[in-house]
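Peer 1: My structure is below; once you've seen it, I'll send some questions.
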Amino acid sequence: MRVEFLGAARQVTGSCFLVRCAGRQILVDCGMIQGGKSQEVRNRDAFPFDPDAIDAVILTHAHLDHSGRLPLLAQVGYRGPVYTHKASVELCDILLRDSAYLAERDAAIESKKRQRRHEEPVDPVYTVADAEAAVELFIGCDYDAPWQVAPGIVARLQDAGHILGSAIVELWLEEGDERRKVVFSGDIGRDDTPILQDPVRPTEADLVVMESTYGNREHRSWEETWEELGEIISSARAARGNIMVPAFAVGRTQELLYVLAKFYREWGLHEWTVFLDSPMAINATDVYSRYEHLYDQETSEFYADPSNSPFHLPNLRLTPHAEDSMAINRVSSGALIIAGSGMCNGGRIRHHFKHNLWRSTSHVIIVGFQAQGTPGRALVDGARELTLWGESVRVGAKVHTVGGLSAHAGRSELIAWYQAFKTRPQVALVHGEAGGMDDLAEALRAEGAEVATPELGAGIDLRELPSRSAPAPAPAEQIEQS
Ligand SMILES: [Zn+2]
Ligand SMILES: [Zn+2]
């Protein structure tokens, strides 16, 4: 009876944990390592487990740092179930397919370069066919509905409030007369996040495997964030230019559409045309609009008014096709353009930059995390020009960074989430950088927890921990393959 830490150990990306119990092996998450080429080559490494020996996979949520290596698992022959929330099945269908498409495209470009140097071509890390094969294995679950994963293993998903369908995974393990409960936090959202419910706080566990992304940071309040966003839009209106918002397709885009609808009059949005210029974001928004039963009370009430249909604005234009997207280039004033990619290292936002970034009347609103080395980060750091397709474009636009829109719990919310566990179970911190992780470890120790920050490949023998949780709830009859 063991948990092994095969990814996101003392780092943020590549979540992957192996649970061994009663002769079975269950994988929780199978995520991609992200953060520049030097890191990402590791995604091509062989899995640190025998894929044939895995009985089932449980996926916490659709983000690629949790799901992104599932196509590889399918590629090496895994044909078992991948359990996840029903909404995550749909979002993964979008995200994994796109990830595979980009991998194929990048490999084709690289191969062409190599060909000119008389070198061997490269294969994509995985293909669209691999992504499709992986999605075939998915089994959609609901929150709060326990099921038997394998003999001796019962699982239940709880709402993590991070993105649509995101889940905390509770696992009840039984081996001989030993019984333990492990809770995997997945990525924990913030309280009062637009659209989503607050993260569920389980109260029992013998081991908690917990994310620590913002273990040493607090976020600005939602009120301050909305005020900031409203002021930027008002000042941009006075300048009579365009606004560009690089945004991630899943989560951030839908939050923006929701707050734009909520403050439509207040922020004078009727004077703008809002373009959602990203096929992936349009598809993800469609998924969000079909899961109304997962919205929080405020959002449900807002959309219960027949004049507010989910994620729609009176002046919203969806531009899935390239020619509609290019037509936006002719608009020099009054366009609020939401386009990917979130860090500006690809996607249509770069075309909008080419046409607008040099203008002093333009505004860029950065609403998401920008990794080192990306064009988005360069803008945040005050770059005077960006290179786009080999051409240098001067930054005349005003660049605003709105830091309060995070999908991750801040430090005090992480501590509060742990405090709900009555018996102060042992914690293994994952999904964080050393600084935040060590800081959070100190804070949890002060709460009476024993805290580990396991190295990659380390394991915890669950039989060495006290058993203080109630037995597994009765699993539902049967889960149907979706
Ligand atoms: Zn996530
Ligand atoms: Zn994550």
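Peer 1: Since residue 477 meets every condition but one in (1) among the acidic types (Asp, Glu); (2) open to solvent by 50 Å² or more (accessible area, probe 1.4 Å); (3) at pLDDT 95 or above, which condition does it not meet?
Peer 2: Of everything listed in (1) among the acidic types (Asp, Glu); (2) open to solvent by 50 Å² or more (accessible area, probe 1.4 Å); (3) at pLDDT 95 or above, residue 477 misses just condition (3).
Peer 1: Kindly check whether there is at least one residue in segment 335-354 that is at pLDDT 95 or above and among the polar types (S, T, N, Q).
Peer 2: Taking every residue of segment 335-354 in turn, none turns out to be at pLDDT 95 or above and among the polar types (S, T, N, Q).
Peer 1: Tally the residues that are open to solvent by less than 20 Å² (accessible area, probe 1.4 Å), in contact with a strand residue (DSSP E or B) (Cβ under 6 Å, 6 or more places away or on another chain) and either farther than 13 Å from residue 164 by Cα or not assigned by TED's automatic domain parsing to the domain that holds residue 59 (or both), restricting the search to segment 81-98.
Peer 2: The qualifying residues number 1.
Peer 1: Which of the residues belonging to segment 55-80 are open to solvent by 10 Å² or more (accessible area, probe 1.4 Å) and hydrophobic (A, V, I, L, M, F, W, C)?
Peer 2: 64, 72, 76
Peer 1: Related question: Consider residue 225 against the criteria (1) within 16 Å of ligand 2 (Cβ to nearest atom); (2) β-branched (Val, Ile, Thr); (3) closer than 24 Å to residue 295 by Cα: it satisfies all of them except one. Which criterion is unmet?
Peer 2: The one condition residue 225 does not meet is (1).
Peer 1: Now, a different point. Within segment 144-174, take every residue that is without any contact (Cβ under 8 Å) to a residue 60 or more places away in the chain and open to solvent by 20 Å² or more (accessible area, probe 1.4 Å) and give me the one that is nearest to ligand 2 (Cβ to nearest atom).
Peer 2: Here the answer is 158.
Peer 1: Pick out, from segment 391-457, the strands (runs of 3 or more DSSP E) lying fully within it that include 1 or more residues that are open to solvent by less than 20 Å² (accessible area, probe 1.4 Å) and touching a Pro at 6+ places or on another chain (Cβ under 8 Å).
Peer 2: The qualifying strands (runs of 3 or more DSSP E) are 426-430.
Peer 1: Does segment 336-344 contain at least one residue that is out of contact with any Cys (no Cβ under 9 Å at 6 or more places or on another chain), without any contact (Cβ under 8 Å) to a residue 12 or more places away in the chain, more than 26 Å from residue 106 (Cβ to Cβ) and not β-branched (Val, Ile, Thr)?
Peer 2: No - not one qualifying residue is present in segment 336-344.
Peer 1: Given the conditions (1) in contact (Cβ under 8 Å) with a residue 60 or more places away in the chain; (2) within 16 Å of ligand 1 (Cβ to nearest atom), and given that residue 16 satisfies all but one, which numbered condition is not satisfied?
Peer 2: (1)
Peer 1: Shifting gears a bit: If I ask for residues that are more than 16 Å from ligand 2 (Cβ to nearest atom) and either touching a Ser or Thr at 6+ places or on another chain (Cβ under 7 Å) or open to solvent by 50 Å² or more (accessible area, probe 1.4 Å) (or both), which ones from segment 21-54 would you list?
Peer 2: 23, 24, 37, 38, 41, 42, 44, 45, 46, 48, 50, 52
The values are calculated or read from the model by the stated rules, or taken from the named source; none is laboratory data. Please read all numbers here as calculations on a predicted model, not as lab measurements. All Cβ positions, even for glycine, are placed from backbone atoms using ideal geometry, and neighbour counts span all protein chains on display. Only protein heavy atoms, including side chains, enter the accessible area calculation; ligands, DNA and RNA are left aside. Shrake-Rupley method; radii C 1.70, N 1.55, O 1.52, S 1.80 Å.
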